[in-house]
Amino acid sequence: MQIESLKMFCDLAETESFTKAAQINEVTQSAVSQQVSSLERQFKSILIERSKKKFRLTREGQILYDYSKQIIQTYESLESKLQEIKDVISGTIRLATIYSIGLHDLPPYLKKYLRLYPTVNVHVEYRRANQVYEDVLGNVVDLGLVAYPSKDSKLEIVPLRKDRLVLICHPQHPFTRTKTVHLKDLSGQKFIGFEPDIPTRKAIDKILKDHDIHVNNVMEFDNIETVKRAVEIDAGVSIVPQATVTQEVNNQTLAQIDITDGEFYRPLAALIKKNRVLSPAIKQFLVVLKGGQ
């Protein structure tokens with residue numbers, strides 16, 4: 001029996017999915033099944049209730065999971081400590097991020113990190129916010145990057161920074177004549193928004209509701225790039241993170257308008273599953289993300 005077998009079993013128990021356990025360990029689903037069968041033969045116990053539609057560990061399977069998790073955490077702590085002693089920063093970081101952060105906020109930090117630690121492989125997955133949480137909790141990834149982080153007893157939230165929210169419109173829109181607007185000026189405007197379940201959409205809705213502003217929601221999208229394209233064809237105005245429109249504003253395909261009622265910000269954070277052992281590579285990645293080095 002090897003550490004890899006125990007880790008695979010723990011990943012299976014936590015994700016409740018042979019597919020995800022295979023993905024995490026970069027093996028086939030068949031290989032995961034074979035490892036479970038091997039463990040069952042070794043311990044002479046049934047570990048998973050196969051007759052149930054919903055994934056469930058047997059009593060013996062739960063005991064094996066509890067002890068295996070301790071063994072794996074101890075082993076990972078040992079491995080991390082030895083790397084620190086040797087001053088080694090290497091390995092692989094698996095990262096899930098929402099589109100806007102991954103496409104616009106992350107690149108300069110990632111570039112800096114890889115310049116400092118060229119032997120580290122950073123694998124980035126672009127996901128919707130709810131999927132980022134699922135991937136972190138299921139150990140599919142090491143870190144998650146989200147906006148407006150939600151509290152979860154199983155997660156550690158690492159605040160990064162705040163991204164200013166700005167109003168954008170077509171360069172020929174009447175708003176560009178004054179270059180500033182009050183929120184009340186948005187009343188009745190055709191508005192391009194994110195889909196209702198996206199955290200940034202919920203935050204923008206709250207801002208408008210708090211100021212008793214009613215806009216005409218004409219389009220809703222699940223990513224920032226499509227929102228920008230809709231505003232570029234003058235389908236409506238939108239409120240978006242400033243970092244996501246720098247290039248378009250510089251190229252004058254979009255106009256950024258200041259809101260005089262105050263400044264509004266979108267908090268960004270990294271998500272880590274609690275009690276997860278962080279390798280030196282992950283620790284240094286967090287340092288860079290927080291603006292260190």
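Here are a few things to note about the model shown:
- Some residue of the range 280-290 being touching a Ser or Thr at 6+ places or on another chain (Cβ under 7 Å), surrounded by fewer than 16 Cβ atoms within 10 Å (Cβ to Cβ) and assigned to a loop (DSSP other than H, G, I, E, B): no
- Residue list for the range 197-219, restricted to those being part of a loop (DSSP other than H, G, I, E, B) and loosely packed, with under 12 Cβ neighbours inside 10 Å: D197, D212
- The residues of the range 32-87 that are without any contact (Cβ under 8 Å) to a residue 24 or more places away in the chain, farther than 17 Å from E14 by Cα, under 32 Å from the mean Cα position of the chain (by Cα) and in a helix (DSSP H, G or I), listed by number, are Q34, T74, L78, K81, L82, I85.
- Whichever residue in the range 243-279 is closer than 26 Å to D212 by Cβ and among the acidic types (D, E) and, among such residues, is surrounded by the most Cβ atoms within 10 Å (Cβ to Cβ): D261
For every residue, the table says whether it meets (1) at pLDDT 90 or above; (2) hydrophobic (A, V, I, L, M, F, W, C).
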| position | (1), (2) |
| --- | --- |
| L39 | no, yes |
| F43 | no, yes |
| K54 | no, no |
| E79 | no, no |
| S90 | no, no |
| I98 | yes, yes |
| L110 | yes, yes |
| Y117 | yes, no |
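- Taken over the range 228-242, the residue count meeting the criterion of being part of a helix (DSSP H, G or I) and at pLDDT 95 or above is 5.
- Test result for R94, in contact with a strand residue (DSSP E or B) (Cβ under 8 Å, 6 or more places away or on another chain), of a type in the set (K, R), at pLDDT 90 or above and under 26 Å from K274 (Cα atoms): yes
- The range 1-22: number of residues that are without any contact (Cβ under 8 Å) to a residue 40 or more places away in the chain, closer than 14 Å to S38 by Cβ and not in a helix (DSSP H, G or I): 1
- When E232, E263 are screened for being among the charged types (D, E, K, R), under 21 Å from T178 (Cβ atoms) and either out of contact with any Ser or Thr (no Cβ under 8 Å at 6 or more places or on another chain) or not assigned by TED's automatic domain parsing to the domain that holds I204 (or both), only E263 passes.
The values are calculated or read from the model by the stated rules, or taken from the named source; none is laboratory data. On a predicted model such as this, the values are computed, not experimentally measured, just so you know. Backbone-built Cβ (ideal geometry, glycine too); neighbour counts: all protein chains shown.
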